[in-house]
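Quick notes on the structure that follows.
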Amino acid sequence: PIALAFDEVGAVNADLWNALVREVGRINAVYLLGSIRHEDASLVTSRSETALFYLTLSQPLAEEIWRALFNAGETIAAHWRPAFEDADGLMLEYVHILTQGQRLFDIIDEQVRTRQIEERQDELAILRATSVICAQSGEVNVAEMLRTLSITPAVGAQALRRLVDEHLVRQNRPGILGGLHQLRSEALRRASHDEIVFLSEETLWRSLSATTPETLPRIIQA
């Protein structure tokens, strides 16, 4: 058997992966193994011919990752558990906390930049509004946010479906949005505001009316 390993299939190289599948995927004894973020899985065109295995951040895996990073001198964390608990089950945040690296911000920048290039303005407006609130552990009322942004429910539903699928926001309960993690929301706030035309402080003040009443006090206190 021949195995071809393709690390980090994503927006910049998904066409290459799909071409490999078409050219060699049906050859006997040739196997293609790729790693991909869950939010990029839609880029794979051969879904019916591809087996997907979802990796979750379990305690044994967290310890294994920490040990590998520690032995390689890429983390000074004395133990894996504090970062595991702070990461709330998210792999990207877990590695970021351990290494204090740049990868989390680079990935978020890429996701925002893709939307800017494709002029997906409704999604960008929602990201700006939600990120400033969620970065301070707040929650967002969807109906009020869409009204504030002058986005119709039909257009908003389509935009939110993509954002949820790509793990940029999540539905905490019916009609209410929250961030997956405070670190990710902060990265989104930074990436979606250039602080020239789009000012995070102005977005925050415009978005306060969409903050849920129970989380508004913590936003104001911050």
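With all pairs of separate Cα atoms included, the stretch 136-222 yields a Kirkwood hydrodynamic radius of 13.5 Å. With 0.36 nm allotted per residue and the present C-alpha distance subtracted, the residue 161-residue 28 stretch has 44.1 nm of extension available.
If the Kirkwood radius is taken over C-alpha pairs of the stretch 120-162, then at 25 °C and 0.890 mPa s the Stokes-Einstein diffusion coefficient equals 236 µm²/s.
Projecting label points 7 angstrom from Cα along Cα→Cβ for residue 117 and residue 176 puts them 3.7 nm apart. Averaged over its residues, the chain has an accessible area of 59 Å² per residue, based on protein heavy atoms and a 1.4 Å probe. Per-residue 3J(HN,Hα) values for the stretch 176-191, derived from phi via the Karplus relation 6.51 cos²θ - 1.76 cosθ + 1.60 with θ = phi - 60°, read 10, 9, x, x, 5, 7, 4, 4, 5, 5, 5, 5, 5, 4, 5, 6 Hz in sequence order (x marks Gly and Pro). Computed packing ranks the peptides 163-169, 188-194 as 188-194, 163-169, most packed first, by mean other Cβ atoms within 10 Å. Under the rule a/c < 1.5 gives rounded, and otherwise a/b versus b/c splits prolate from oblate, where does the chain land using the Cα gyration tensor? It comes out oblate by the Cα gyration axes. Across every direction, the projection of the convex hull enclosing the Cα atoms of the stretch 1-124 has a mean area of 9.8 nm². Phi angles across the stretch 24-35 convert, under the Karplus curve 6.51 cos²θ - 1.76 cosθ + 1.60 with θ = phi - 60°, into 3J(HN,Hα) values of 10, x, 9, 6, 4, 6, 10, 10, 10, 10, x, 9 Hz, Gly and Pro given as x.
Applying the Karplus relation 6.51 cos²θ - 1.76 cosθ + 1.60 with θ = phi - 60° to the stretch 98-111 yields 3J(HN,Hα) values of 5, 9, 6, x, 10, 4, 4, 5, 5, 5, 5, 4, 5, 5 Hz, where x marks Gly and Pro.
Packing order of peptides 210-217, 3-10, 89-96, 16-23, highest average first: 89-96, 210-217, 16-23, 3-10 (average count of other Cβ atoms within 10 Å over each peptide's residues).
Of the accessible area of the stretch 5-94, with the probe set at 1.4 angstrom, what percent is carbon plus sulfur? Before the final figure, lay out the partial values.
On the way: 3380 of 6040 Å².
Heavy-atom surface of the stretch 5-94 belonging to carbon and sulfur, 1.4 Å probe: 56 percent.
Per-residue packing, averaged as other Cβ atoms within 10 Å, sorts the ranges 46-59, 119-132 into the order 119-132, 46-59, beginning with the highest.
The values are calculated or read from the model by the stated rules, or taken from the named source; none is laboratory data. Bear in mind the structure is a predicted one, so any value in this text is a computation, not a measurement. Every residue, glycine among them, receives a Cβ derived from its backbone with ideal geometry; neighbour counts consider all protein chains shown. Remember, those area values only see protein heavy atoms, side chains included, never the ligands or the DNA or RNA. Shrake-Rupley method; radii C 1.70, N 1.55, O 1.52, S 1.80 Å.
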